[in-house]
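**Q** So that we are looking at the same thing, I have put the structure below in structure tokens.
Taken together, the values in this text are just the output of simple stated rules run on the coordinates, not laboratory data. Keep in mind that this is a model prediction, so the values were computed, not measured. Cβ placement follows ideal geometry from the backbone for every residue including glycine, while neighbour counts extend to all protein chains displayed.
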Amino acid sequence: MPGGHAPIHFHPWVWLTWTGSTLLCVSLTRNPLYLVVVWLCVAIVHAAGGMGELARGSAPFPLWLSLTVVPLGALFNALTVHVGENILFVIPGAIPLLSGRVTWEAALYGATNGLALGVILLVFWVFNRNVSIPSFLRLLPRAFHSLAVVGSIAMTFVPCLQQQYQQIQEAQAIRGKQLRGIRDQLGLLLPLLVSSLEHAFQLAEVMTARGFLASLSPLTRSNLRAAFLGGFGLVLGGWLSRFWGLPGWIASLLFWCALALFGALFFLAMRQVRYTIYRPRRFGVRDGLAIGGPSLLSLLLVLNHLFPERGLLAYTPYPALTLPPFEPLVAFLLLGILSPFLVAVFAGHDSLS
Amino acid sequence: MIRFRRVSFRYSRTEPWVVRAANFEIPRGSFCLVCGASGSGKSTLLRLINGLVPHFSGGVVEGEIEVNGLNPIQLGPAPMSRVVGFVFQDPETQFILDNVEDEIAFNLENAAVPAQQITYRIEETLRGLGIEHLQRRRLESLSGGEKQKVAIATVLSLAPSILVFDEPTSQLDGQSAEEILTLIQTLARQRQMTIVVAEHRLDRLLHFADRLVYLPACGEPPLVGEPQHILPHIEAVPPVVQLGKRLGYRPLPLSISEGRQMLQDLGVDQADHRDRLLATDSASLPSLPPLLSAEGVSVRYGKTQALSEVSLDLFPAQITCLMGANGAGKTTLLRAILGLVPLQQGQIRLQSEDITSLPTWRRSRVIGYLPQDPNALLFSETVLEECLLTLRNHALPEEQGKVLDLLSQLGLAELVQRYPRELSVGERQRVALGSILITEPRVLLLDEPTRGLDERAKARLGELLRALKTKGMAVLVVTHDVEFVLNLADRLCVLKQGKVIADGMPIEVLRKTGLPPPQIMQLFPEHEFRNVEEALAAIGEVLSHMPDKSDRRAAPACHNGDNKLCPRESPPVVR
Amino acid sequence: MIGSRGERLLSNLVILASTLLGCFSFLYPFFLPNFQQTPSPAGIRLSEMPLTMTLVLGLCVIALLFESQQGASNARMVALMGVLVALNSVLRYIEVAIPGPGGFSPVFFLIILSGYLFGAKFGFLMGAMTLFVSAILTGGVGPWLPSQMFTAGWVGMSAAILSPLVVRLGWQQRRGEIVLLALFGFGWGLLYGAIMNLWSWPFITGPADQYWQPGISFAETIARYGVFYLATSLAWDLGRSLGNVLLIGLFGTATLRVLRRFRERFTFVYQPAEV
């Protein structure tokens, strides 16, 4: 266990990429063996503790909790999906949803799904714990400057609200009001709203005096907007092509074109915004190393997705149970999820020696 | 350089002018004080400099404004923010984010300063103000003074050449205000900045200013010129200036040392007239039984002992003031009396009845409490409704006549149907008082009631409290305002680190405890004057015995009909 | 370059398109039976559908946020929204900490009222940002976030429709206004639940193709969903709906009055007077 190493903090980008890649893995495979590998990797990173700049959401999230969804998923799926050849038992009658065959296949599939969900919960828990709120807001692209400011104001104002709430409660008592029941409590909402609005007005004046200009839609140029609409058209076209029974590669092509178009648009839109975003945290060598594993993993996953004939990750227990395929190479790639942990351990050794 | 050419402003075409025919220049590098009562248009005038008025407020502007060659009316506040740094009144509401570093970065981000420079600029600005240790702090953990310093840092980070302060100390306690005023002086001295300050506390900045803008009233043209020329027109001036004015002494003394010089010149600085000077009516503490008493009260917040075994008796028909440094436990004592904080030990007695276990809402029937921010007490749609609400809360009969009587006593008769939160600071405070006094409490506790009030509102509050006192009420006032204490209090208590360290006659306590003395005590350290009137009466008596000196160098200000100054003092006023 | 009318049209089109696409990505389970018949190896790929849908939905939310930023076009609106979002996030936090009866949630009250008073774009941002901020505050960022943001944003956006309706009926500041808003809140209470179920249903229970056996018609799918909804969440959602009605009925008038008092101050835009 990584008990001895010096605390190391990774850049928020590392955690964003890490979260993204892991989610990609989880959503692309229902192969239980691979999912177990992913779960193990995430669990190790999780157990290694805070490797972000700030540990927040300090409520502990025990590992077993992420596994409770496994039996639940199995139970739910087995009881509601009546497909598969290995029958456990049969629920008689005509109860909607429940009546029918209960099969091993459905149970396994449910368990796999539950495991996927467990991994997702765990991944987000790790993300939330390792990325501080200001860093999270700084991850928002420049084009969302106004919204990032809305977010920051809200974050700053929440603790003030608690104080104000208490102040109003006291003011009510001073005025001889006895607070009874939920209705009186909710009645405090109104004075709270009034003082919040007054606060907002003063804040707005301060912001204006200090040079804040709200960013309008970055799509202020009509050609950008038109291109945006085109992108939506492509996505819709992709779906319709599937809907009308055209080959899958057409849909894929349209989807990827749309994605590329949106990417280009965001890039263009971003260049129109005249703000800088101050990120006190620099991206260092360790961050580069830690981001390597997940990046490589997602790249390969996307490539594999583009050429689906290989179907490396594909597995379905239906119609009859088979042993899921397990390729050591794939498992090795999945270990990329561990890279923040590995970098932390080695960096810790460096600093000791 | 700031130039106003015949500038007038009003908030809409149907409303009266707020600023009228302002025509003046503030040269580069000068230190300009803007003064005038609340509501005389000071804030509006300041906001015209950076375009907040009319861009933020709306309204109609006439005339031309030029600030460093730019026109704020055309450009608006965002571009002006690089030229004019604007510091607001209330440290609690002028921050957008939650920590110092991000707060300063906000300005730089919006000005599109390259990201690599931001770190450097933040550090440099903080170092320049001597507050580099605050860089990583959360804003909520800072004191009022520190917050104001950070506010100054945020605007300084863009290296403006003009700094505008809108009453920067009015929401601060004495100690923090002192720090900020010192900082403003240092900035003026060390950097070649133009500084414009609107401030109630003229006493600290007056001898520093080379220019004064005086707004006589809302919609009247401002008087602008050197302090010596403008001061004779201003009513609410610091005691030293007041004394100089009344004695007809020129040039007017602007600081304590100049005041001492004046006394020396007039020959009234000798201490041997003591017997002729009025002694204060040393009324002994009344022998009546106390109305309210706190006995051995201790309060603990987490690890800090806020109050330790404090005992305090409040007597009917007496005004007691409570002073002490920040965190000495003054507010905590008031809250303990009201039952807003749990007592660790001790008890609160009303007459002889123990009310320690009574909930706050029951106590509030007989103990009125005006918290620091009277806004918190205002809930209703109209002033009238505000008072009725209290009666309703206490299940008392809602007699409108009684409420109207009280409101007219408070000078609010014409405002009964107004929305309380739209009124001026002083009016809002009186509405809040009205909502408390309507139950006719026997004890009244006030927490820093003079904060943010101008001289006129302060005087009015003083009168009101005296009237309540004559009705037999026991009044306890927490304050930092020594002048107010000296004028009003029958008794002064001082708290230090949760303990009462002094209790007695205000002047004696002030001398004994080394609190910053009011100007009048600094001028006459040997005497017991409470205000300029008493000093003047005594001096008049002394002077009457020295006829040869009585009008030496006296040059009373002369006026002609339309308020223009005499030709020999020109060119003092630019209109 | 197109004139400002064209701009507005395009902007509305972007909003419409992202809304429709977002709806489609919610409703896809109903179209799945048709996908099923395709000859491609789609059967395998169907497990990716939730991911794809989340991605598409994320894209729609981004597009809507882009366009809606005009609802917060100056410092005043930004500050106003920041503060309202904070207030609403605290309400949501209270909802999480002290679960009320059923799906009772005070979070929609302010979203509906602000959408109603400040317009569709503001309403959308209000809904979306409330969910966003409360998610990062409570550490609840997850794959469900885009759909929550989208749906809550939609609640606020659609509330703006009521405004011209009330004006036409002449119900401003009358009881009818509150009744209408309360009905609206009731409807959205149920709808919100139904939409959120749609998203989580296939994600949690497994591949949709197993759920809808081949050959099931569109109508039959909806009927099945109806059963599922009745069985699992109607009671829960009724709590939310009644909560909305209760809140709007109790505090609607007073809150509207407060917001109206401030509306002028926040929405005004300075225009220099002609000389």
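**Q** Sort out for me the Cα centre separation of segment B:16-40 from segment A:241-262, rounded to whole Å.
**A** Taking the Cα centre of each part, segment B:16-40 and segment A:241-262 sit 67 Å apart.
**Q** Which residue fluctuates the most in chain A, going by a Gaussian network model with Cα springs under 10 Å, if the choices are A:Gly237, A:Gly293, A:Gly245?
**A** With Cα springs under 10 Å in chain A, the top fluctuation among A:Gly237, A:Gly293, A:Gly245 is at A:Gly245.
**Q** Residues with beta-carbon under 10 Å from that of C:Val107, excluding C:Val107: net charge, scoring Lys, Arg +1 and Asp, Glu -1? Provide the component values of the computation, followed by the final result.
**A** Details: positive: C:Arg92, C:Arg240; negative: C:Glu95.
Around C:Val107, the surrounding residues sum to +1.
**Q** Connecting C-alpha atoms closer than 10 Å in a GNM of chain A, tell me which of A:Leu192, A:Leu98, A:Leu333 has the biggest fluctuation.
**A** Between A:Leu192, A:Leu98, A:Leu333, it is A:Leu192 that shows the largest mean-square fluctuation.
**Q** Between B:Ser544 and B:Ala217, how high is the FRET efficiency from 1/(1 + (r/R0)^6) when r is the Cβ-Cβ distance and R₀ = 45 Å? Nearest 0.05.
**A** Using R0 = 45 Å, I get an efficiency of 0.80.
**Q** Also, quick follow-up: With both bridge residues required to lie in the protein assembly as shown, what share of the DSSP beta bridges run antiparallel, to the nearest 5%?
**A** If we restrict to bridges inside the protein assembly as shown, about 55 percent are antiparallel.
**Q** If the viscosity is 0.890 mPa s and the temperature 25 °C, what translational diffusion coefficient in µm²/s does Stokes-Einstein give for segment A:222-271 when Rh comes from Kirkwood over Cα pairs?
**A** For these conditions, the coefficient is 220 µm²/s.
**Q** Moving on to the next point. Sorting check: for A:283-292, C:79-88, which peptide has the highest mean count of neighbouring beta carbons within 10 Å, and how do the rest follow?
**A** Numbers: A:283-292: 17.3, C:79-88: 28.2.
In decreasing order of mean packing, A:283-292, C:79-88 become C:79-88, A:283-292.
**Q** Oh, and also: Rounded to whole Å and sorted largest first, list the principal axis extents of the Cα atoms in the protein assembly as shown.
**A** On the principal axes, the protein assembly as shown reaches 122, 78, 70 Å in Cα extent.
**Q** So if I average 1/r over every pair of distinct C-alpha atoms in chain B and take the inverse, what Kirkwood radius in Å does that give? The partial results should precede the final answer.
**A** Numbers: mean 1/r = 0.0385 Å⁻¹.
So the Kirkwood estimate lands at 26.0 Å.
**Q** Determine one quarter of the surface area of the Cα convex hull of segment B:120-225, which equals its mean projected area, and express it in nm² to one decimal.
**A** Average projection, Cα convex hull of segment B:120-225: 7.8 nm².
**Q** Which value does Rg/Rh take for segment A:88-184 over its C-alpha atoms, Rh per Kirkwood? Walk me through the numbers on the way to the answer.
**A** Numbers: Rg = 25.5 Å, Rh = 19.6 Å.
Checking Rg against Rh, the ratio lands at 1.30.
**Q** For chain A, I need the span (max minus min coordinate) of the C-alpha atoms along each principal axis, in Å, sorted largest to smallest.
**A** 72, 61, 53
**Q** Reachable lysines from B:Lys245, Cα under 20 Å, same-chain residues fewer than 8 places away excluded?
**A** Filter leaves B:Lys549, B:Lys564.
**Q** Please compute the modelled spin-label separation between B:Ser257 and B:Thr513, points set 7 Å along Cα→Cβ, answer in nm with one decimal.
**A** It works out to 3.0 nm between the two label points.
**Q** Follow-up. Connecting C-alpha atoms closer than 10 Å in a GNM of chain A, tell me which of A:Gln272, A:Gln178, A:Gln162 has the biggest fluctuation.
**A** Maximum among the listed residues: A:Gln178.
**Q** From the P(r) of segment A:142-209, could you give the percentage of C-alpha pairs in the tail past 19 Å?
**A** On the way: 1001 of 2278 pairs.
Result for the distance tail: 44 percent.
**Q** What average number of partner chain Cβ atoms lie no more than 10 Å from the Cβ of the residues making up C:15-22? Before the final figure, lay out each step's value.
**A** On the way: counts 0, 2, 8, 3, 0, 2, 6, 0.
Mean shielding by partner chains, rounded to a whole number: 3.
**Q** Among B:28-34, B:13-19, B:525-531, how do they line up from the highest to the lowest mean number of other beta-carbon atoms within 10 Å?
**A** So the order, starting with the most tightly packed, is B:28-34, B:525-531, B:13-19.
**Q** How would you rank A:27-36, B:116-125, highest first, on the average number of other Cβ atoms within 10 Å across their residues?
**A** A:27-36, B:116-125
**Q** Here's a follow-up. Would you be so kind as to identify all helices of chain A, as entire DSSP H runs, whose Cα atoms reach 20 Å or more along the helix's own axis and whose mean Kyte-Doolittle hydropathy is at least -1.0?
**A** Membrane-span-like by this rule: A:12-28, A:32-47, A:104-130, A:145-174, A:189-209, A:222-243, A:248-271, A:285-306.
**Q** Please compute the average number of Cβ atoms from other chains found within 10 Å of each residue's Cβ in peptide B:57-69.
**A** 1
**Q** Next up: Would you mind checking the pairs B:Lys402/B:Lys471; B:Lys330/B:Lys469; B:Lys303/B:Lys512; A:Lys177/B:Lys42; B:Lys402/B:Lys469 and listing those with alpha carbons more than 27 angstrom apart?
**A** Numbers: B:Lys402/B:Lys471 16 Å; B:Lys330/B:Lys469 21 Å; B:Lys303/B:Lys512 31 Å; A:Lys177/B:Lys42 38 Å; B:Lys402/B:Lys469 20 Å.
Result: B:Lys303/B:Lys512; A:Lys177/B:Lys42 exceed 27 Å.
**Q** Normalised radius of gyration for segment B:2-225, please: alpha carbon Rg relative to 2.2 N^0.38 Å, two decimal places. All intermediate terms of the calculation are to be shown ahead of the outcome.
**A** On the way: Rg = 17.0 Å, N = 224, 2.2 N^0.38 = 17.2 Å.
Here the answer is 0.99, to two decimals.
**Q** Against the empirical 2.2 N^0.38 Å scaling, what ratio does the C-alpha Rg of segment B:292-518 come to?
**A** Rg over 2.2 N^0.38 Å, computed on Cα atoms: 1.00.
**Q** Give me the one-decimal nm value for the distance between modelled label points at A:Gln272 and B:Tyr301, 7 Å along each residue's Cα-to-Cβ direction.
**A** Inter-label distance under the simple model: 5.0 nm.
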